[in-house]
Structure formats: structure tokens, C-alpha cells
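Here, each number is a calculation from the coordinates, and none is a lab measurement. Remember, it's a predicted structure, so these values are computed and weren't measured experimentally. Here the Cβ positions follow ideal geometry from the backbone for every residue, glycine too, while neighbour counts run over all protein chains shown.
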Amino acid sequence: MRVERTHIADVLVFVPEPFHDERGLFTRTFDSADFDRAMGKPGSAAAFTQDSQSRSRRGVVRGMHGRSGRGEAKLVRCAQGAVLDVIVDTRPASATYGRSAQFRLDDIEFRHLYIPPGFLHGFQALTDTADMCYRIDRPHDPTEDLAVRYNDPDLAIAWPLPVTAVSGRDAAAGSWQTLARRLNQ
């Protein structure tokens, strides 16, 4: 598995190397030794405690979500279809604070995105069906949920398709300015 560094500190892309033959393909979707090496910390992979999956239709946007407190690390991948995955750095001391990055995740290249604690995360389904898999480092605690509207003008995320659906929670989420004030207190 190849590891690519990104322009945002601590954000990594894991690129599996699928084996193709007449039957189709086989690929490793996670390897704790590769993950630990990339993180530079033995035992890092053991921190993951929960796997989840979502299914979305073309144009659906889920996000932008994060966690307060010590945050939440995620390893995400698209198991079926394709998504535009978007992250926003919410770490006030970071050189990339407030900046976003976009990644195409799909079922062709099988790229995985490691998102460390301190980020908002969201995605838009680019295909008729998109299944996203999330490996998370701690159980969900709704009292720590953070959210910023997917169409916040300060974030100016350029979703590639018309947005066909968002949850009520995502539509009612607060602004980046409000969250930034809270993070910088």
C-alpha cells in the first residue's frame, strides 16, 4: 500500500495496489502495519474502535461534520461509486487553519483518506450510488458534534454537482464564522 502526503499536515492518502485477474480484483482495504508505519507510531491502528457505512444517491451532500473535545480521527474510503470528499482544517494553531482540501474517492483506485482530529468532513456522491466506509477512533458522542453548513460562503466549497439532498441537521448547521469564534476562544 502506497502512502501519499498531502499539503495539509497529518492528512494522508492510502493507495492500495489491487490485484486484477480474469475473476475481477482483490485488494487490501486496511493493513495495520502499513498504517502504523505511515503514522510513525506503533499501535496507531489499534486506536480505531468503530466502522460505519453510509449509502448516498447522486448529488447528496453529507457534511460538514466534526467533533469537539479531543476530536475524532477517521479513515474513509468509497466502497462503491465515487464521491468528492472535502475536509476543512479546524485546528487554530495549524498553518492551514480554515483551509479546505478535496479528494476524489472511488471504487476504481480504492484510495483511503486519513483525517486526523481537528477537521470538518463531508462529501458529495458523484455516482448513482456511493457507499462510504468510515473507520473511526472513538465512539460517537452527540454532545461533541460540530457542523458547518455545506454551502457556507466563507468555506466556498465548490460541489461539482447540483445538491439534490442534505439532512435537516446539515441544512440547519451553523456558519464557519460562528465555529471559528468558538474554536479561537
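Arranged from fewest to most other beta-carbon atoms within 10 Å of their beta carbon, SER100, SER94 become SER94, SER100. Equivalent ellipsoid of region 116-185: semi-axes from √(5λ) of the C-alpha gyration tensor, largest first, are 22, 18, 11 Å. As a proxy for reagent exposure, ranking THR96, THR27 by other Cβ atoms within 10 Å from fewest up yields THR27, THR96. For the chain, averaging the sequence separation of C-alpha pairs within contact (under 8 Å, six or more residues apart) and dividing by the residue count gives a relative contact order of 27 percent.
Inter-part distance, region 40-67 to region 89-127, computed on C-alpha centroids, equals 10 Å. Within region 1-33, whose backbone N sits under 13 Å from a point 7 Å along Cα→Cβ of ARG99? Residues 6-11 fall inside that zone. From its DSSP helices (H runs of at least four residues, each -39,500 (n - 2.57)), the chain gives a residue-normalised ellipticity at 222 nm of -2500 deg cm²/dmol. By the count of other C-beta atoms within 10 Å, a proxy for reagent exposure, PHE103, PHE123, PHE30 are ordered fewest to most as PHE30, PHE103, PHE123.
Between ARG169 and ASP128, what FRET efficiency comes out of the Förster formula 1/(1 + (r/R0)^6) with R0 = 35 Å and r the beta carbon distance, rounded to 0.05? It comes to 0.90.
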